[in-house]
Amino acid sequence: MKFTKMHGCGNDYIYVNGHKEQIAADRKPELVRRLSDRHFGIGGDGVIFINPGKSASFEMEMYNADGTRAQMCGNGIRCVAKYVYDYGLTDQTSITIESFGQVKHLDLTLGADGKVETVRVNMGAPVLTASEIPVVSDHEQVIDEEIEVDGQRYRMTCVSMGNPHAVVFLDHLTEAELKAGPHFEHHARFPERVNTEFVQVIDRNTVQMRVWERGTGETLACGTGCCATVVACVLNGLTDNKVTVKVLGGEILCEWDQSENLVYMTGPAETVFDGEIALQEEM
């Protein structure tokens, strides 16, 4: 099977051209776990299959490293856009990509080499209703609400950007706080688990963020997490609507246009290498 390793701000996935590579659906979870393993496989935060679209130009079929299906990935969708343009699946610089039935509109910016350098994604409207995120709460929205996790008390703001996020603001980001990530992920208040963003506000237009992603663990970046972070910042009056989110792997610019109630995300997409791997016969 041929594949391409790509990343957006260090959030790395293995990309497979589903137009050419046919893998049975029931075999994908185990294949994803094997390929994502950084010691015995290719290594990555998961696997993304790029398929022909039904309601859009292309479909992004995304799996976390543990083999579970995910609804959306902001860094992943930017890399899909780069892949389909750079590898000649389209010659358009404005395209649509669907993931889990959600259609996103993307604008591609080319570099001097004629290949995609950055991608701006219309990520759609943030979901703030607790039952739709989902998060268990007595309130319709979860904004600066207390939660006890592993014996510690935190205050969280919950947002869905196609997948659930709990945003926690801290005075300083430490390794100790990141250890709470798996306890957030499997907390009883999150029936579909949750991605957790630990955020330090630098100024009105800049924040620092580290993220624990459900099904993967800490990653160097999370595109939807950056979007959720900015929405949470605005809801709590901490920043303006347009914010640079500094993650371990780089920077992502997010803007919540409240007049349209749409979140826009702009960031890089990079190809690391192409390769080919032999599949086990049962795959």
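Just a few scattered comments:
- For the range 23-113: accessible area per residue (Å², 1.4 Å): 42 Å²
- Cβ-Cβ FRET estimate between Asp144 and Asn261, R0 fixed at 30 Å, reported to 0.05: 0.90
- Translational diffusion of the chain, µm² s⁻¹ [Kirkwood Rh, Cα pairs; Stokes-Einstein; 20 °C; 1.002 mPa s]: 113 µm²/s
- Note on surface exposure: Glu185, Glu177 rank Glu177, Glu185 by accessible area, highest first, 1.4 Å probe.
- Each DSSP beta bridge with both residues in the range 122-238 is either parallel or antiparallel, and the antiparallel ones are about 80%.
- Anisotropy class of the range 192-266 from Cα gyration tensor, a/c 1.5 cut: prolate
- The range 165-283, relative contact order [Cα under 8 Å, separation at least 6], %: 19 percent
- Unit charges at the beta carbon, dipole of the range 1-152: most positive-side option, Thr4, Met62, Ile77: Thr4
- Most positive-pole-ward Cα, Met156, Leu235, Val207, against dipole of the chain from beta carbon charges: Val207
- Heavy-atom accessible area per residue - the range 118-234, 1.4 Å, Å²: 39 Å²
- Cα gyration tensor shape of the range 5-65, rounded if a/c is under 1.5, else prolate or oblate by comparing a/b with b/c: oblate
- Shown are Ser99, Ser131, whose ranking by accessible area with a 1.4 Å probe and every protein chain present, most to least, is Ser131, Ser99.
- Look at the Cα gyration tensor of the range 139-283: its axes a ≥ b ≥ c give a/c of at least 1.5 with a/b at or below b/c, and that counts as oblate.
- Karplus-derived HN-Hα couplings along the range 216-223 (A = 6.51, B = -1.76, C = 1.60, θ = phi - 60°), whole Hz, x at Gly and Pro: 9, x, 5, 10, 6, 6, 8, x
- The distance linking the range 16-50 with the range 108-134 is 23 Å (Cα centroid to Cα centroid, whole angstrom).
- For the pair Lys20 and Ile277, label points projected 7 Å from Cα toward Cβ lie 1.7 nm apart.
- Accessible area of the chain belonging to carbon and sulfur atoms, whole % at 1.4 Å probe: 45 percent
The values are calculated or read from the model by the stated rules, or taken from the named source; none is laboratory data. In this text, all values refer to a predicted model and were calculated from it rather than measured experimentally. We place every Cβ from the backbone using ideal geometry, glycine too, and count neighbours over all the protein chains shown. For the accessible areas, the whole protein counts, side chains as well, though only heavy atoms, and no ligand, DNA or RNA atoms are used. Shrake-Rupley method; radii C 1.70, N 1.55, O 1.52, S 1.80 Å.
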